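What follows is one structure encoded as structure tokens, with my remarks underneath.
The values are calculated or read from the model by the stated rules, or taken from the named source; none is laboratory data. Quantities reported herein were computed from a predicted structural model and do not represent experimental measurements. Positions of Cβ are backbone-derived with ideal geometry, glycine not excepted, and every protein chain shown enters the neighbour counts.
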Amino acid sequence: MSLAFAQKIAMSDDDDLDAEETGPTRRCAATGVVQAKERMIRFVVGPDGTATPDVAERLPGRGVWITADPTALALATKKNAFARSTRQPVTVPADLAGQVRTLLVRQLVDLLGLARRAGELTAGRDKVEEALSRGPTIAVLLEAVDGSKTERARLRAKAPGATVVASLDGATLARALGREGVVVHAVVRSGRLADRIVAAATRLAGLDAPHEERA
């Protein structure tokens with residue numbers, strides 16, 4: 001199943017299944033740990049019986065929530081968590097963690113593009129510093145994972161109340177913002193888009209090993 005198709009499939013609700021959890025937390029079907037759903041990935045079972053990541057949390061069907069972590073995803077497969085939660089046979093793709101990561105990167109890139117078009121995102125070191133000097137209106141400080149460690153630390157010191165998002169390299173960040181070359185720093189003003197960006201980045205960070213920073 002293609003990743004593009006995975007975000008479009010639909011599944012009818014099964015009257016025999018329990019209602020999905022509501023509220024700000026979810027229980028991981030693999031580990032049993034209850035935590036904020038922003039740190040978890042929702043899955044549904046597609047019409048072909050395949051466990052399908054629903055990173056936008058919009059696909060119909062009973063959701064199965066797994067912690068955004070490679071170990072938890074592997075454990076979900078080992079424990080047959082998708083089948084147990086939905087009470088039906090489920091096929092789990094061998095590259096499940098890779099599929100989830102690809103979708104999360106795409107989601108984060110799309111959200112950054114939305115923020116730019118809405119005028120809520122500012123990019124470039126000088127413009128970022130100017131935005132940070134205006135006060136506590138900045139919710140997110142974006143920095144390229146391959147940027148200078150020293151420069152990243154300098155700007156972080158100027159944004160004590162902002163959430164730091166370091167999930168994309170400079171070239172990918174530039175493409176997300178419709179620019180050529182490399183973008184190392186950007187900021188997003190407080191608001192709904194900033195919250196969605198933080199949630200997507202938090203999940204992505206859970207899947208990624210720490211990046212080696214350059215001095």
So, in the range 27-45, exactly how many residues are in contact with a helix residue (DSSP H, G or I) (Cβ under 7 Å, 6 or more places away or on another chain) and not polar (S, T, N, Q)?
8
Is there any pair linking a residue in the range 83-112 that is more than 14 Å from A51 (Cα to Cα) to one that is among the basic types (K, R) and assigned to a loop (DSSP other than H, G, I, E, B), with Cβ under 6 Å and at least six apart or on different chains, and which?
none
Looking at (1) touching a helix residue (DSSP H, G or I) at 6+ places or on another chain (Cβ under 7 Å); (2) modelled with pLDDT of 90 or more, which one does A215 not meet, given that it meets all the others?
(2)
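I want to confirm something. Restricting to the range 97-122 and keeping residues that are within 30 Å of N80 (Cα to Cα) and polar (S, T, N, Q), which single residue is surrounded by the fewest Cβ atoms within 10 Å (Cβ to Cβ)?
Looking at the filtered set, the residue picked out is T102.
A quick yes/no check of all residues on (1) buried (at least 20 other Cβ atoms within 10 Å of the Cβ); (2) under 29 Å from L155 (Cα atoms); (3) charged (D, E, K, R):
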position	(1), (2), (3)
G49	no, no, no
P53	yes, no, no
W65	yes, no, no
A81	yes, no, no
Q88	no, no, no
D95	no, no, yes
G124	no, yes, no
Within the range 97-117, does at least one residue satisfy the condition of being among the basic types (K, R) and in a loop (DSSP other than H, G, I, E, B)?
no
Filter result (at negative phi, in a loop (DSSP other than H, G, I, E, B) and among the small types (G, A, S)) within the range 58-89
G63, A68
Determine whether the range 3-20 contains at least one residue that is modelled with pLDDT of 90 or more, of a type in the set (A, V, I, L, M) and more than 18 Å from R87 (Cβ to Cβ).
no
Answer yes or no as to whether A131 is aliphatic (A, V, I, L, M), more than 19 Å from A56 (Cβ to Cβ), assigned by TED's automatic domain parsing to the domain that holds T50 and in contact (Cβ under 8 Å) with a residue 24 or more places away in the chain.
no
Per-region count, the range 168-191, residues touching an Asp or Glu at 6+ places or on another chain (Cβ under 7 Å) and surrounded by 21 or more Cβ atoms within 10 Å (Cβ to Cβ):
3
Taking the residues in the range 34-57 that are assigned to a loop (DSSP other than H, G, I, E, B) and in contact (Cβ under 8 Å) with a residue 24 or more places away in the chain as candidates, determine which candidate is nearest to T77 (Cα to Cα).
G49
